[in-house]
1. Could you check the stretch 81-131 and list, in sequence order, the residues that are small (Gly, Ala, Ser), more than 16 Å from the ligand (Cβ to nearest atom) and either in a loop (DSSP other than H, G, I, E, B) or open to solvent by 40 Å² or more (accessible area, probe 1.4 Å) (or both)?
2. Residues that are open to solvent by less than 50 Å² (accessible area, probe 1.4 Å) and in a helix (DSSP H, G or I): does the stretch 159-167 have at least one?
3. Any residue in the stretch 64-80 that is more than 10 Å from the ligand (Cβ to nearest atom), of a type outside the set (Lys, Arg) and not in a loop (DSSP other than H, G, I, E, B)?
4. I'd like to check something: does the stretch 9-29 contain any residue that is within 18 Å of Trp122 (Cβ to Cβ), outside any loop (DSSP other than H, G, I, E, B), away from the ligand (no atom under 12 Å from the Cβ) and open to solvent by less than 10 Å² (accessible area, probe 1.4 Å)?
Amino acid sequence: MISHTMLEALNRQINRELYSAYLYLSMAAWFSAENLPGFANWMRVQVQEEQFHAMKFFDYCAARGGRLTMLQIEAPPNTWDSPLAVFEATYAHEQKVTKMIYDLVDIAAKEKDHATSNLLRWYVDEQVEEEENDTDILGKLKRVGTDTNALLMLDKELGMRVFTPPAPAGSSGQGAP
Ligand code: OFO
């Protein structure tokens, strides 16, 4: 059985992961309206990633016998000044999420909840990847500058992204939903 404190914290994180999905969906809509379908595709894949993150927590809580409560999802921003501004916002958001995951790690340690600590290791690694993806695209966008052809080439590259459900985490026993 999971403690009330831990369950509440994970319940909140499910809401935050779903907010992330909603934020990236808003960014996908913005890129579509800007005629950058590749960037929009990248964001749509990111929505699927975030839904996966939320459902992984959801399934884990259910497996531990916790009763979850769905909370209201905040409305995300819906306009940005440029593709660079979108990715600056994305990176800043992911840094915040990393901090949230670290806070959960601290709560799990305090609660002596080793099963949740195990689960959270997967999220700690995932956040490294999330931030790296953003800094990689940010770097490319900075090199693109005002070169429209280079932007369209990057758009083509980002259009290739597909969602691949992450491999099941060994020790946590949590697989793809
Ligand atoms: Fe769920 O990692 Fe992004 O927010």
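1. First, pick out the residues of the stretch 81-131 that are small (Gly, Ala, Ser): 82, 85, 89, 92, 108-109, 115, 117.
Pick out the ones that are also more than 16 Å from the ligand (Cβ to nearest atom) and you get 82, 85, 108-109, 115, 117.
Of everything in the stretch 81-131, those that are small (Gly, Ala, Ser), more than 16 Å from the ligand (Cβ to nearest atom) and either in a loop (DSSP other than H, G, I, E, B) or open to solvent by 40 Å² or more (accessible area, probe 1.4 Å) (or both) turn out to be Ser82, Ala109, Ala115.
2. Our first condition is that a residue be open to solvent by less than 50 Å² (accessible area, probe 1.4 Å); within the stretch 159-167, this holds for 159, 161, 166.
Imposing the further condition that a residue be in a helix (DSSP H, G or I) reduces the set to none.
Checked the stretch 159-167: no residue is open to solvent by less than 50 Å² (accessible area, probe 1.4 Å) and in a helix (DSSP H, G or I).
3. Residues of the stretch 64-80 more than 10 Å from the ligand (Cβ to nearest atom): 64-80.
If we keep only those that are of a type outside the set (Lys, Arg) too, we end up with 65-66, 68-80.
Next, from what is left, pick out any that are not in a loop (DSSP other than H, G, I, E, B): none.
Checking the stretch 64-80: not a single residue is more than 10 Å from the ligand (Cβ to nearest atom), of a type outside the set (Lys, Arg) and not in a loop (DSSP other than H, G, I, E, B).
4. yes
The values are calculated or read from the model by the stated rules, or taken from the named source; none is laboratory data. Bear in mind the structure is a predicted one, so any value in this text is a computation, not a measurement. Here the Cβ is made from the backbone with ideal geometry for all residues, glycine too, and neighbour counts use every protein chain on show. These area figures cover heavy atoms from the full protein model, side chains too; ligands, DNA and RNA do not enter into them. Shrake-Rupley method; radii C 1.70, N 1.55, O 1.52, S 1.80 Å.
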